[in-house]
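Below is one structure, written out as C-alpha cells, with a few remarks after it.
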Amino acid sequence: MMQITIKGFKNGERIPDQYTCKGIDLQPTVEIEDVPEGTKSVVLIMDDPDAPHGTFTHWIAYNIPPDIHSIEHSRHSEISFGINDFGNEGYNGPCPPHGKSHRYYFRAYATTIEHMQKSLHAKPVIDKLKNSVIETAEYMGTYSND
C-alpha cells in the first residue's frame, strides 16, 4: 500500500511555523513509498478544506516519476508545479485567518497519466485524476494562525 510522510511533523500534528506564512514558507520534504506497479506518474496535492470560502489548494506537484521517493525543497527538473490558489506556481504553506485550527491534507495519487502540461491549476489536474488513479495515500497536518 502506498504511503506518504512529511518530514518535520507527524500525521495529525501541528505544522511547524517554518512551513507556513508565519515562518519562511519552506516547502516540506515529502516522502512517497510503495508506489504501485503500473504507475506512470504521481500527483501531489496539498489543500485546506477548512478555508472560509471552500477548499483552498496550497500546492500541486505532478509529472512525478514513480521512482522518485522524496520531493525536497529544491526543484526536481522532471516535476511540474501547478498554480495554487494564491496564484503562484509551487508551494505556499498554511496561512489561515486568525481563529480555529485548519486541516491541511497532503494527498499522493499514483496515476496512469504519462505527462501533463506545465503550470496547470488544480481543477484541470483533478479532472484528469478522475479516470486515472491507481492508488491514493494521505497525510494531514493542522495549523492555526494565533
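FYI, it's all coordinate maths here, none of it is from the lab. As the structure is a prediction and not an experimental result, all values here were calculated from the model. Positions of Cβ are generated from backbone atoms using ideal geometry, with glycine treated the same way; all protein chains shown enter the neighbour counts.
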### Task
Any chance you could run the full-extension gain for Thr112 through Ile126? It's 0.36 nm times the residue separation minus the Cα-Cα distance, nm to one decimal.
3.7 nm
### Query
Residues with beta-carbon under 12 Å from that of Glu31, excluding Glu31: net charge, scoring Lys, Arg +1 and Asp, Glu -1?
-2
### Query
With Cβ to Cβ distances under 10 Å as the rule, what net charge do the other residues near Thr55 carry (K, R +1; D, E -1)?
-4
### Query
Can you put Thr112, Thr29 in order, fewest other beta carbons within 10 Å first?
Thr112, Thr29
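Length gain on complete extension for the stretch His98 to Glu78, per 0.36 nm per residue less the alpha carbon to alpha carbon distance?
Here the answer is 3.5 nm.
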### Message
Longer than 28 Å from Cα to Cα, which of Lys10/Lys118; Lys10/Lys128; Lys40/Lys100; Lys40/Lys118; Lys100/Lys130; Lys10/Lys100 are they? Say none if no pair is.
### Response
Lys10/Lys118; Lys10/Lys128; Lys40/Lys100; Lys100/Lys130
### Query
At 222 nm, what helix-only mean residue ellipticity would the chain give, in deg cm²/dmol to the nearest 500, using -39500 (n - 2.57) for each DSSP H run of four or more?
-1500 deg cm²/dmol
### Query
In whole Hz, what ³J(HN,Hα) sequence does the range 128-134 give by Karplus (6.51, -1.76, 1.60; θ = phi - 60°), x for Gly and Pro?
5, 5, 3, 10, 10, 7, 8
### Query
Lys7: which lysines have alpha carbons under 22 Å from its alpha carbon, excluding same-chain residues fewer than 8 sequence positions away?
Lys22
### Task
Normalising by the residue count of the chain, find the relative contact order in percent from Cα pairs under 8 Å and 6+ residues apart.
30
